[in-house]
Amino acid sequence: MPELPEVEVVRQGLERQVIGRQVLGVDVLHPRSVRRHLPGPADFADRLRGRTPVSACRRGKYLWLPLDSGDAVLAHLGMSGQLLVRPPDVPFERHLRVRLQLGEVDVRFVDQRMFGGMWWSEGGGSLPDAIAHIAPDPFDERFDDEQFLRLIRARRTGVKRALLDQSLVSGVGNIYADEALWRARLHYARPTQTLRRSQVTALLAGVREVMSAALAQGGTSFDALYVNVNGESGYFDRSLSVYGRTDLPCPRCAAPIRRDAFLNRSSFSCPRCQPRPRRGHW
């Protein structure tokens, strides 16, 4: 699933190319992609037609376009969603689900697996109600480092589980959690209540550092589904230190990278730099 850097790349592309362009037409080609808009596809199209995006915003992995009416259209990419900006005469993509016609360009929501979607947010220009419960991400000016320190140390869980909790910090997924933990020299199962202030500080620094580096390289693309609004893939996968690098040497100490099963996924870490926690030994 796309994480914060991949979604931010899309947000920046929308901001450059669609702001100030009036929505002249809306085509919903599959109702499942607007299933969260309970009044249905026709109502979704009617509400959006004639409106003009005034900015492009993101919280965690959610995107929204505030509109001149004070409302917003909200989007989540799910596992395979793409928001593409195309000239209207470019042939439609195979898995095109929703098309917004904005004169000289289309905004096309393409989604092969259809776990993502778009929906209308009444009065949601500043922050849609549907995502108000999601915590700010580490780059948001509203993110409070001290509050994060208190909250994470109050949990009774492993540090990677806490990083993936979008009510604690948003935008961090499996890839960047592993990369940030490696940078902070923390094992993914380290109990959060045992973290020292310096370790939480190092962890936040690792999250910001790896996500900034990924953003500069267009995000991480492991297949053709993760692309920017122009359909181009990111290339941060070439710079990953541990994720997906089972048995390859750790860039820091040369020990072979370890892969462990984690929440129906995988965790990658260095057995030397990130030793497994032992009860009573921190």
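This table checks each residue for (1) closer than 14 Å to residue 127 by Cβ; (2) surrounded by fewer than 24 Cβ atoms within 10 Å (Cβ to Cβ); (3) in contact (Cβ under 8 Å) with a residue 24 or more places away in the chain.
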site: 62; (1), (2), (3): yes, yes, yes
site: 79; (1), (2), (3): no, yes, yes
site: 84; (1), (2), (3): no, yes, yes
site: 91; (1), (2), (3): no, yes, no
site: 96; (1), (2), (3): no, yes, yes
site: 102; (1), (2), (3): no, yes, yes
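For the range 10-19, the criterion of being within 18 Å of the chain's Cα centre (by Cα), of a type outside the set (A, V, I, L, M, F, W, C) and closer than 19 Å to residue 126 by Cβ is met by at least one residue. The single residue among 43, 27 that is part of a helix (DSSP H, G or I) and either modelled with pLDDT under 95 or in the same structural domain as residue 64 (by TED's automatic domain parsing) (or both) turns out to be 43.
Scanning the range 11-23 for residues that are closer than 17 Å to residue 97 by Cα and either surrounded by fewer than 19 Cβ atoms within 10 Å (Cβ to Cβ) or among the acidic types (Asp, Glu) (or both) yields a count of 0. The residues listed here are 70, 78; of these, the one that is assigned to a loop (DSSP other than H, G, I, E, B) and closer than 17 Å to residue 171 by Cα is 78. Going by the structure shown, is residue 208 among the charged types (D, E, K, R), at pLDDT 80 or above and closer than 20 Å to residue 265 by Cβ? So residue 208 fails the test. One residue stands out among those in the range 149-176 that are free of Cβ contacts under 8 Å to residues at least 60 places away in the same chain and surrounded by 21 or more Cβ atoms within 10 Å (Cβ to Cβ): the one that is nearest to residue 253 (Cα to Cα), which is 159. Summed over the range 29-43, residues that are of a type outside the set (S, T, N, Q) and under 24 Å from the mean Cα position of the chain (by Cα) total 7.
Here residue 44 clears all of (1) of a type outside the set (S, T, N, Q); (2) touching a Pro at 6+ places or on another chain (Cβ under 7 Å); (3) in contact (Cβ under 8 Å) with a residue 24 or more places away in the chain except the condition numbered (2). Return the pair list, or none, for Cβ contacts closer than 7 Å from residues in the range 1-30 that are without any contact (Cβ under 8 Å) to a residue 60 or more places away in the chain to residues that are assigned to a loop (DSSP other than H, G, I, E, B) and surrounded by 15 or more Cβ atoms within 10 Å (Cβ to Cβ), at least 6 apart or on different chains. Hits for this filter: 11/56; 15/55; 15/56; 19/54; 19/55; 19/56; 20/52. Test residue 198 against the criterion of being in contact (Cβ under 8 Å) with a residue 24 or more places away in the chain, out of contact with any helix residue (DSSP H, G or I) (no Cβ under 6 Å at 6 or more places or on another chain) and either surrounded by fewer than 17 Cβ atoms within 10 Å (Cβ to Cβ) or among the hydroxyl-bearing types (Ser, Thr, Tyr) (or both), and give yes or no. No; evaluated as a whole, the condition is false for this residue.
The values are calculated or read from the model by the stated rules, or taken from the named source; none is laboratory data. Remember, it's a predicted structure, so these values are computed and weren't measured experimentally. Positions of Cβ are backbone-derived with ideal geometry, glycine not excepted, and every protein chain shown enters the neighbour counts.
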